[in-house]
Amino acid sequence: MLDIRGLSKRFGYGKGEVTALHEVSFSIAEGEFFTLLGPSGCGKTTLLRLIAGFIGPSGGSLVLDGKDIAAMPPNQRPVNTVFQSYALFPHMTVGQNVAFALEAQGRPKSEIDPAVEKMLTLVQLLHLKNRKSSELSGGQQQRVALARALVAKPRILLLDEPLSALDMKLRKDMQIELKRLQRETGLTFIFVTHDQEEALTMSDRIAVMSGGRVQQIATPRELYDRPANRFVAGFIGESNFLSGKATGGVVEVAGGRIALPDATDGAVTLMIRPEHVVLSANAPDALQLEATIAQLVFFGTDTHVHLTLSDGEKLVARVQNALHGGLSLNEGDRITISLPDKALRVVKDEEIAA
Amino acid sequence: MSKRSFDVTRLPGTAVIAMTCFVILYIPMAILVGYSFNAGKVIGNWEGASVKWYGAALQNQAFLNAALNSLILATTASVISTLFATMAALATTRTEKFRGEGAIHIILNQPLMVPEIVLAIALVIIVGQIKQMTGYTGLGFLIAAHTTFCIPFAYLPIRARLEGMDLSLETAAADLYASRFYTFRRVTLPLLAPGILSGFMLAFVVSLDDLIISDFLKSPGQDTLPTYLMGELKRNLTSEIYAISSLLLLLSVLIVAGSWVATRKKD
Ligand SMILES: Nc1ncnc2c1ncn2[C@@H]1O[C@H](COP(=O)(O)OP(=O)(O)O)[C@@H](O)[C@H]1O
Ligand SMILES: [Mg+2]
């Protein structure tokens, strides 16, 4: 329903020119919870502002339901935004804030009043309808901002790091609430965050961005299991990277050898998640390596085992803590570890760049 | 100990100095108001309490004419200058930076820098010629001059208010289907209102108080409150002047108080 084709954005002129977005292309389907994920400054807000129409693109097109909306002013686009700072109108009550979109559209009062009540009920704030918006807590303001953006039934709801100002506990609650709202309304959400955990738990699909480019678009599972490059692997979850040398589909790493058909000849980087590292020699089809335990870090549910390989490279393994007894490992132990070939990924070193 | 930052109000003697300043500032005004209730005619010679000089002032046609002129002048000049100032403030904060924006800023605030007497002398030459050519001697010249020097006083609080305003509010309004005009009416203007009001009040008081330019530009027989008081002060010093001055003081106090209440309520 939304097709973004070769969209780019430059700010400034001459020497001060900054390219915030480099020819980004992807499509978003009806009813999808789509997340833009990336570190600060990677162009997430810029992309969102382009979709909302607050800024115009330097190139490319933006097609919504078959119509190019790139030149349409924001007040005509059927797209609404939940701002990072909420941007509630401080001189209006909660009810007036929520009614604003419908009033601006010139809808009759008989239609506005029930719609506002319905939205406020949905976000559980009906009892605060006549409160000034400046007299609310952060979480309440957040929900007013949501109700205000949803009331006119936009085709797409844009959310720019909406939870970043909330504390941990509230944040978790709002994640669940947002997901519920999206399911109940069946709306398409484009959600911006720099928090990979938030992205993984909430999204149908995630676009990982870096330096104004999309590095990979995939479901959370795919992103985690098959990161397209080292940047994605490092940004999503925790990863170990090992450098090795491939010849004819066999990779040599830190004194061990394993057959990996994906590997092209030459220097390669292998990635493995800490929870996939096996702390024994007896796993089938695995790369076996000698390692020294440098440190054990207790994390409650699991323990992180910091290992040093024979060539000095470092590796972290994660083992779940069993109900009875501790780990039979000690710092300084020399052990053989196994890295199953199914868990090893050959990742491209370079991210997508100019 | 919690934080112990440097606080000037805690220095020894601060209270004494502050009180002294207040006394020096307000004692003369208190004396003025006090003597306006003097029954005697001669200034400074107390002969018992009376409101008769207020009565006399209210029957004094010259004073009433001057007061009326002052009110018309201050109202018109402050309304027009507030309108100009609002538009100028919107133009310098709400549009993308444009060439000459700095120059506009300087031009707008120029009347604050130029000595008033210089402006008065410059104006009196031009205005004199226009008066001769057209034969028009009404309040128009004073209104035009007052509007000019009131603009920066109206502009500064309005601009300050605009600059302190969250730009994302207007973006949010546009996002929520509001046209530019609807955004201005429902979001920008209500949030700007306290600034506009203080700008207007400030301009009003500045116009009401102006002596030099008014004195230079007024036509024969024309008076504003300050020029009338100045003339009276030179000719006959009676307690009536104290009564009139007290009335002027009361008006200023009312305006300042009104502005304070209005802006406080809005926030
Ligand atoms: N109005 C602007 N003028 C100049 N540069 C900008 C502007 N907005 C964003 N940028 C630049 O574009 C890049 C992307 O910014 P942004 O989209 O805000 O990143 P994110 O939201 O991912 O943190 C940054 O380098 C930022 O400095
Ligand atoms: Mg951002």
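Residue count for region A:209-263 under the criterion of being in contact with a Cys (Cβ under 9 Å, 6 or more places away or on another chain) and among the charged types (D, E, K, R): the result is 1. The residues of region A:21-47 that are within 11 Å of ligand 1 (Cβ to nearest atom) and either touching a Cys at 6+ places or on another chain (Cβ under 9 Å) or assigned to a loop (DSSP other than H, G, I, E, B) (or both), listed by number, are A:Leu36, A:Gly38, A:Pro39, A:Ser40, A:Gly41, A:Cys42, A:Gly43. When B:Ile143 is tested against (1) farther than 30 Å from B:Leu225 by Cβ; (2) more than 14 Å from chain A (Cβ to nearest Cβ), just one condition goes unmet, and that condition is (1). Determine if region A:45-67 includes at least one residue that is open to solvent by 40 Å² or more (accessible area, probe 1.4 Å) and facing chain B (nearest Cβ under 9 Å). Within region A:45-67, one or more residues are open to solvent by 40 Å² or more (accessible area, probe 1.4 Å) and facing chain B (nearest Cβ under 9 Å).
Considering region B:175-199, and only residues there that are more than 8 Å from chain A (Cβ to nearest Cβ) and of a type in the set (Phe, Trp, Tyr), the residue that is surrounded by the fewest Cβ atoms within 10 Å (Cβ to Cβ) turns out to be B:Phe181. Within region A:174-191, being of a type in the set (A, V, I, L, M) and either under 16 Å from A:Val151 (Cβ atoms) or assigned to a helix (DSSP H, G or I) (or both) holds for A:Met174, A:Ile176, A:Leu178, A:Leu181, A:Leu187. Screening A:Ala254, A:Ala218, A:Ala259, A:Ala233 for residues that are open to solvent by less than 10 Å² (accessible area, probe 1.4 Å), over 25 Å from A:Leu64 (Cα atoms) and either acidic (Asp, Glu) or away from chain B (no Cβ under 14 Å) (or both) leaves exactly one candidate, A:Ala233.
Filter region A:165-180 down to the residues that are over 11 Å from A:Gly139 (Cα atoms) and either out of contact with any strand residue (DSSP E or B) (no Cβ under 9 Å at 6 or more places or on another chain) or small (Gly, Ala, Ser) (or both), then identify the one that is farthest from ligand 1 (Cβ to nearest atom).
Ranking the candidates gives A:Arg180 first.
When region A:165-202 is filtered for residues that are within 14 Å of chain B (Cβ to nearest Cβ) and either more than 16 Å from ligand 2 (Cβ to nearest atom) or buried (at least 19 other Cβ atoms within 10 Å of the Cβ) (or both), only A:Ile190 remains. Identification of helices (runs of 4 or more DSSP H) wholly contained in region B:3-101 with 3 or more residues that are more than 30 Å from B:Thr224 (Cα to Cα) yields B:14-35, B:61-93.
For (1) open to solvent by 20 Å² or more (accessible area, probe 1.4 Å); (2) in a loop (DSSP other than H, G, I, E, B); (3) within 12 Å of another protein chain (Cβ to nearest Cβ), each residue gets a yes or a no:
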residue: A:Leu102; (1), (2), (3): no, no, yes
residue: A:Ala115; (1), (2), (3): yes, no, no
residue: A:Asn130; (1), (2), (3): yes, yes, no
residue: A:Ala145; (1), (2), (3): no, no, yes
residue: A:Ala149; (1), (2), (3): no, no, yes
residue: A:Leu157; (1), (2), (3): no, no, yes
residue: A:Leu163; (1), (2), (3): no, yes, no
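How many of the residues in region B:163-192 are among the aliphatic types (A, V, I, L, M), assigned to a helix (DSSP H, G or I) and modelled with pLDDT of 90 or more? Counting residues in region B:163-192 that are among the aliphatic types (A, V, I, L, M), assigned to a helix (DSSP H, G or I) and modelled with pLDDT of 90 or more gives 8. Check B:Ala172, B:Ala120, B:Ala145, B:Ala154 and return the single one that is more than 26 Å from B:Val79 (Cβ to Cβ) and either open to solvent by less than 20 Å² (accessible area, probe 1.4 Å) or of a type in the set (S, T, N, Q) (or both). That would be B:Ala172, the only listed residue that is more than 26 Å from B:Val79 (Cβ to Cβ) and either open to solvent by less than 20 Å² (accessible area, probe 1.4 Å) or of a type in the set (S, T, N, Q) (or both). The residues of region B:87-117 that are within 16 Å of the chain's Cα centre (by Cα) and surrounded by 14 or more Cβ atoms within 10 Å (Cβ to Cβ), listed by number, are B:Asn109, B:Pro111, B:Glu116.
For beta carbons closer than 7 Å, sequence separation of 6+ or different chains, a first residue in region A:157-177 that is charged (D, E, K, R) and a second that is in a helix (DSSP H, G or I), the qualifying pairs are A:Asp160/A:Thr45; A:Asp160/A:Leu48. Residues in region A:71-97 that are more than 10 Å from chain B (Cβ to nearest Cβ) and in contact (Cβ under 8 Å) with a residue 24 or more places away in the chain: 3 in all. When the residues of region A:11-41 are filtered to those that are under 10 Å from A:Gly212 (Cβ atoms) and away from ligand 2 (no atom under 14 Å from the Cβ), the one that is nearest to the chain's Cα centre (by Cα) is A:Val24. For region B:193-227, a residue qualifies if it is on the phi < 0 side of the Ramachandran plot and not in a helix (DSSP H, G or I), and the qualifying residues are B:Asp210, B:Leu211, B:Lys218, B:Ser219, B:Pro220, B:Gln222, B:Asp223, B:Thr224.
The sole residue among B:Lys41, B:Lys52 that is open to solvent by 80 Å² or more (accessible area, probe 1.4 Å) and at pLDDT 85 or above is B:Lys52.
Only one residue in A:Gly234, A:Gly244 is farther than 25 Å from A:Ile206 by Cα and out of contact with any helix residue (DSSP H, G or I) (no Cβ under 8 Å at 6 or more places or on another chain). Which one?
Testing whether each residue is farther than 25 Å from A:Ile206 by Cα and out of contact with any helix residue (DSSP H, G or I) (no Cβ under 8 Å at 6 or more places or on another chain) leaves just A:Gly244.
All but one of (1) at pLDDT 90 or above; (2) in the same structural domain as A:Glu23 (by TED's automatic domain parsing); (3) open to solvent by 30 Å² or more (accessible area, probe 1.4 Å) hold for A:Arg226; which doesn't? Of (1) at pLDDT 90 or above; (2) in the same structural domain as A:Glu23 (by TED's automatic domain parsing); (3) open to solvent by 30 Å² or more (accessible area, probe 1.4 Å), only one is false for A:Arg226: (1). Filtered by the rule that a residue be open to solvent by less than 90 Å² (accessible area, probe 1.4 Å) and either touching a residue at least 60 places away in the same chain (Cβ under 8 Å) or farther than 25 Å from A:Asn321 by Cβ (or both), region A:262-289 gives A:Ala263, A:Gly266, A:Val268, A:Thr269, A:Leu270, A:Met271, A:Ile272, A:Arg273, A:His276, A:Val277, A:Val278, A:Leu287. Residues satisfying the criterion are absent from region A:86-99 (criterion: in contact with a Leu (Cβ under 8 Å, 6 or more places away or on another chain), within 16 Å of ligand 2 (Cβ to nearest atom) and under 30 Å from A:Pro227 (Cβ atoms)). Summed over region B:200-220, residues that are out of contact with any Ser or Thr (no Cβ under 7 Å at 6 or more places or on another chain), of a type in the set (Asp, Glu) and surrounded by fewer than 18 Cβ atoms within 10 Å (Cβ to Cβ) total 1. If the condition is being more than 16 Å from ligand 1 (Cβ to nearest atom) and either crowded, with 18+ Cβ neighbours inside 10 Å or not hydrophobic (A, V, I, L, M, F, W, C) (or both), then region A:71-85 contributes A:Pro73, A:Asn75, A:Gln76, A:Arg77, A:Pro78, A:Val79, A:Asn80.
Residues of region A:1-20 that are more than 9 Å from ligand 1 (Cβ to nearest atom), in a strand (DSSP E or B) and open to solvent by less than 50 Å² (accessible area, probe 1.4 Å): A:Leu2, A:Asp3, A:Ile4, A:Gly6, A:Leu7, A:Ser8.
The values are calculated or read from the model by the stated rules, or taken from the named source; none is laboratory data. Please read these numbers as outputs of a predicted model, since none were measured by experiment. Cβ sites come from the backbone with ideal geometry, for glycine too, and all protein chains shown count toward neighbours. These accessible areas exclude ligands, DNA and RNA; they are computed on the full protein's heavy atoms, side chains included. Shrake-Rupley method; radii C 1.70, N 1.55, O 1.52, S 1.80 Å.
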